[in-house]
1. Determine, from the Cβ-Cβ distance of Glu77 and Arg55 and an R0 of 30 Å, the FRET efficiency 1/(1 + (r/R0)^6), rounded to the nearest 0.05.
2. For a quick check: with amide H placed at 1.01 Å from N, whose amide H comes under 5 Å from Ile94's, ignoring anything fewer than 5 positions away on the same chain?
3. Arrange Arg70, Arg90, Arg55 by Cβ neighbour counts within 10 Å, fewest through most, would you?
4. Which length gain, in nm to one decimal place, applies between Ala42 and Arg69 when the Cα-Cα distance is subtracted from 0.36 nm times their residue separation?
5. Can you check what the Kirkwood hydrodynamic radius comes to for segment 30-104, Cα pairs only, in Å to one decimal?
6. What dipole magnitude, in Debye to the nearest 20, does segment 30-104 give about its Cα centre under +1 on Lys/Arg Cβ and -1 on Asp/Glu Cβ?
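Read the figures in this text as sums done on the coordinates, not as results from a lab. Note that this is a predicted model, so its numbers are computed, not measured. Note: ideal-geometry Cβ built from the backbone for every residue, glycine included; neighbour counts use all protein chains shown.
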Amino acid sequence: MDRRAFIASVAGGLVIVRSIDEAQPAANVYRVGVLFVATAEAVAPLVRALTEGLRDLGYVEGRNIVFERRNADGKLERLPDLAAELVRLRMDVIVTGSNIHVAAV
């Protein structure tokens, strides 16, 4: 093989490798909104169960999943604003605790 053919084949191989690398989809990072009327301390066991359950399925916070937590601290009137904030942040899913939360969203 002459030098020109060798250089052409190496350059062609690099272009192919680069194309394959660029074609790989980036890992999705899912955004999960968590909305409760209770205080963060009151719902901590529920949120912990959610994050641990998702971790068991391969979703690791900070790597492929991000949680946006909002608590109304017992004030029902705050729910609509907190829900609207999560919607504006374009969550992939919003996790709530009951029908009052769903109505707010």
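1. Details: r = 34 Å, r/R0 = 1.13.
E between Glu77 and Arg55, to the nearest 0.05, is 0.30.
2. The answer is Gly33.
3. On the way: Arg70 20, Arg90 8, Arg55 12.
Least crowded to most crowded, the residues run Arg90, Arg55, Arg70.
4. Numbers: separation 27, 0.36 × 27 = 9.72 nm, distance 1.31 nm.
Full extension of this stretch gives 8.4 nm more.
5. Numbers: mean 1/r = 0.0798 Å⁻¹.
About 12.5 Å for segment 30-104.
6. Numbers: 10 positive and 10 negative charges, 30 e Å.
The calculated dipole for segment 30-104 is roughly 140 debye.
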